[in-house]
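Peer 1: Sharing a structure with you now.
Each reported figure results from applying straightforward, stated rules to the coordinates on display, with no laboratory input. In this text, all values refer to a predicted model and were calculated from it rather than measured experimentally. Glycine gets a Cβ as well: all are built from the backbone with ideal geometry, and neighbour counts include every protein chain shown.
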Ligand SMILES: [Zn+2]
């Protein structure tokens, strides 16, 4: 049998079925299932630890005590609110309780997209055993402000509590070599304002050489080390050596660079400061909502976040960061990933190693080609090789087509938002489709390609993708192809399959050369695939399907050798599971009280026209709200300056707002050299915390300052600045507007006047809005800045 396979590159189902080949396929699938289970277990958060945990270690029970103090009233405490001042006082108290002296550093900073505010960062110091030198201290940072919609327990009071418990554990042990600075900062949600103020003005900033930042984009799940900054070739190995339960990959860091999200580390990253960023991201529908509370926070996540931070800070503080060259080339980066949450495998992304990787992959390719062509008494037929090569693009295309078809067709109603209440069935659909497609491809091409053609065809692609990704496109992702491809080369060199011998050993060889690299790939790929839905939302499921199909296709040689009946049974079973899961996904309610749909409500008073409206953005308005106010779907923008998009609006009565609307007074106006410079004062007579101006892009804003802080041209190198070109309105705001208002200075390329908008914003709806808030269904929620009242006025400037 084996010889015939080798000679003719053919598989005749009925002939090969007899000698256990079908069982080999079943065993291969069971091994993959085992790898999936191990990968799933590897990315669970740590087990919470009690108050009896030794003093030098991290205990989530102790951190929870601190957290309960910080979140005492569980009120939203955005920057500029009264609850925010109370939160800052509690942070100071918690620092004092550790025997550390809190220092409140006030400052003013702006995000490059225009949001500005006065911040109060709480800073504390644990001295190192060596005298402090510039660029040596380790910053342990988390933000204590929240968004307006919820109490911000996971995001980011849990980070603050974890930092404090880690600081306590560091103090309880021998002093670290270098100082550890706690930065419990302010105004992160308003545009990373606290981190900016720290780096720009704090006397401690120059001492810092590295940052460990704690964040959350959900309320549960493993604490991922998801982003590095600066010299990751220095920081990642130190973290890798000490982390008790690392869950990390350079894939996250690579993907994160493409996402619009920011954290405080973004600010430090711009200066090439070394840094490690940790966050847990499960239950993302609770992020920035009232459900980000003490009840919903996972204690396991708190433990995992804290113990990881403690290990990272200790490791970094005992080493010395490489000198930062702000204008120099980017520091060396690192390729890294955890293996089942136990160890981190890593190597530097250096030019030399890239060449070595390329040579190694080239050698693998050559070796396998020689072995497969020469051994076993016969050349592989060209048609067999060509069919084998076809397998990967065919499977990927089929999985993409079926996946996209399902997502846009049958499942189109199942994802009204990125994340839904019961995502298991929808996830299962794409995994099952992937398996059916991979087995189907093996069945379709097996006849022509044979086991040898399929093996070669599949792994040639892995080598080529490894070469392209590792060498040029995305080295942080390339290891996913590089490592399994090298494993394929090694095992083939050792086993030398398709060289004859009895049937049993031929099957053994086939199984070994298929399963060794397939399992290596599975252990590297599963943790990433399992995280894609939570990371990116339902829209990423078709990608999961494509990638899983590519992964499952590594089983093709064993699948092609299996009996036709077994294959059919398995393909049918996978298709049936996909179908049943599709039905289940369609029937599952997409939202629940613990996974609510975003539905924030705005009361907007147009002070120019004297008209008020209720506004709900989005494509959905439940009947409960329609019963309270006569909502119409409006095609125009939700607010005069927002980009066009679906919004519902209903006329609203004028309601008491505590004072008149915002004022924008022209203080100075002059034209010089074809440029117009205006100085304005923005005030809110009704004492709103946030005051905003919107300047039409046609006025050509060339420079802008808020309270003397230069917003435009903004800090280079930040993602936010990329979006500037597309904006129709230039936005400038003070989110901590004092009674005397703020001063805005703008240089305009156009000298003629334009209509600007001035607006102010308060949290919550005026008294008459209670009925709407009460009518909001249990499976819907306010989110981000929350329900707000906005008063705007058109001003000719
Ligand atoms: Zn946050």
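Peer 1: Quick one: length gained pulling residue 177 to residue 133 fully straight, 0.36 nm per residue minus the C-alpha distance?
Peer 2: Additional length available on full extension: 14.7 nm.
Peer 1: Still on this structure, please answer the following. Along each of the three principal axes of the Cα atoms of the chain, give the extent in whole Å, ordering the values from largest to smallest.
Peer 2: Result for the chain: principal-axis Cα extents of 92, 67, 61 Å.
Peer 1: Report the label-to-label distance for residue 382 and residue 794 in nanometres (one decimal), using points 7 Å from each Cα along the Cα→Cβ vector.
Peer 2: Placing both labels 7 Å beyond Cα along the Cβ direction yields 7.3 nm.
Peer 1: Next question. Is the C-alpha gyration tensor of the range 339-419 telling us rounded, prolate or oblate? Criteria: a/c under 1.5 is rounded; beyond that, a/b larger than b/c is prolate, otherwise oblate.
Peer 2: Oblate shape, in that a/c is at least 1.5 and b/c is the bigger or equal ratio.
Peer 1: Output the 0 to 90 degree angle, nearest 10, between the alpha-carbon long axis of helix 82-97 and the longest principal axis computed from the alpha carbons of the chain.
Peer 2: 70
Peer 1: To continue, here is another question. Relative contact order of the chain, please, whole-number percent, based on alpha carbon pairs below 8 angstrom and at least 6 residues apart.
Peer 2: With pairs under 8 Å counted, the relative contact order is 16 percent.
Peer 1: Just rank 606, 145, 770, fewest to most, by other beta-carbon atoms within 10 angstrom.
Peer 2: If I rank by nearby Cβ atoms, fewest first, I get 770, 606, 145.
Peer 1: For the chain, find the longest principal axis of its Cα atoms and tell me its angle to the long axis of helix 21-42, 0 to 90°, nearest 10.
Peer 2: 20
Peer 1: Treat the count of other C-beta atoms within 10 Å as a stand-in for reagent exposure and order 430, 526, 239 from fewest to most.
Peer 2: Lowest count first: 526, 239, 430.
Peer 1: What shape does the range 505-549 take by its C-alpha gyration tensor, where a ≥ b ≥ c are the square roots of the eigenvalues and a/c under 1.5 counts as rounded, a/b above b/c as prolate, and the rest as oblate?
Peer 2: Prolate is the answer for the range 505-549, as a/c is 1.5 or above and a/b outweighs b/c.
Peer 1: Output the peptides 289-296, 609-616, 445-452 sorted from most to least packed, where packing is the average of other Cβ atoms within 10 Å over each peptide's residues. Could you put the intermediate results ahead of the total?
Peer 2: Working: 289-296: 19.1, 609-616: 17.4, 445-452: 26.4.
Final packing ranking: 445-452, 289-296, 609-616.
Peer 1: If you stretched the chain out fully between residue 583 and residue 369, how much longer would it get, using 0.36 nm times the residue separation minus the C-alpha to C-alpha distance?
Peer 2: Length gained, residue 583 through residue 369: 72.5 nm.
Peer 1: Using R₀ = 25 Å, calculate the FRET efficiency as 1/(1 + (r/R₀)^6) where r is the Cβ-Cβ separation of residue 666 and residue 86; round to 0.05. Can you show the working numbers first?
Peer 2: Details: r = 37 Å, r/R0 = 1.50.
Rounded to the nearest 0.05, the efficiency is 0.10.
Peer 1: Fewest to most neighbouring Cβ within 10 Å: what's the order for 242, 118, 68?
Peer 2: 68, 242, 118
Peer 1: Once you place label points 7 Å from the Cα toward the Cβ at residue 677 and residue 351, how far apart are they in nm?
Peer 2: A separation of 4.6 nm, rounded to one decimal place.
Peer 1: Would you give the gap between the C-alpha center of the range 620-648 and the C-alpha center of the range 745-797, rounded to a whole Å?
Peer 2: Here the two parts' Cα centres lie 14 Å apart.
Peer 1: Please find the FRET efficiency linking residue 490 to residue 643, where r is the Cβ-Cβ separation and R0 is fixed at 56 Å, and quote it to the nearest 0.05.
Peer 2: Numbers: r = 54 Å, r/R0 = 0.96.
Between residue 490 and residue 643 the formula returns 0.55.
Peer 1: Could you list the residues of the range 596-639 with an amide nitrogen less than 17 Å from a label point located 7 Å from the Cα of residue 728 in the Cα-to-C-beta direction?
Peer 2: 617-618, 634-639
Peer 1: Efficiency by 1/(1 + (r/R0)^6): what FRET value for residue 400 and residue 634, r their Cβ-Cβ distance, R0 = 60 Å, to the nearest 0.05? Working shown, then result.
Peer 2: Numbers: r = 37 Å, r/R0 = 0.61.
Result of the calculation: an efficiency of 0.95.
Peer 1: Whole Å is fine, so just give me how far the alpha carbon centre of the range 660-714 lies from that of the range 390-446.
Peer 2: 51
Peer 1: With an 8 Å Cα cut-off and a minimum separation of 6 or more residues, compute the relative contact order for the range 635-780 in percent.
Peer 2: This gives 29 percent for the range 635-780.
Peer 1: Using only Cα atoms, locate the centre of the range 503-565 and the centre of the range 54-88, then give the distance between them in Å, rounded to an integer.
Peer 2: 45
Peer 1: In whole Å, what are the extents of the range 301-361 along the principal axes defined by its C-alpha atoms, from largest to smallest?
Peer 2: Computed over the Cα atoms, the extents are 42, 35, 18 Å.
Peer 1: Using a 7 Å offset from the Cα along the Cα-to-Cβ direction at both residue 104 and residue 752, what is the distance between the two label points in nm, to one decimal?
Peer 2: Modelled inter-label distance: 5.0 nm.
Peer 1: Relative contact order of the range 451-498, please, whole-number percent, based on alpha carbon pairs below 8 angstrom and at least 6 residues apart.
Peer 2: 33
Peer 1: Under the classification rounded if a/c is under 1.5, otherwise prolate if a/b is larger than b/c and oblate if not, where does the range 200-299 fall, given a ≥ b ≥ c as square roots of the Cα gyration tensor eigenvalues?
Peer 2: prolate
Peer 1: By how many degrees, 0 to 90 and rounded to 10, does the Cα axis of helix 541-552 deviate from the longest principal axis of the chain?
Peer 2: In the chain, helix 541-552 runs at an angle near 30 degrees to the longest axis.
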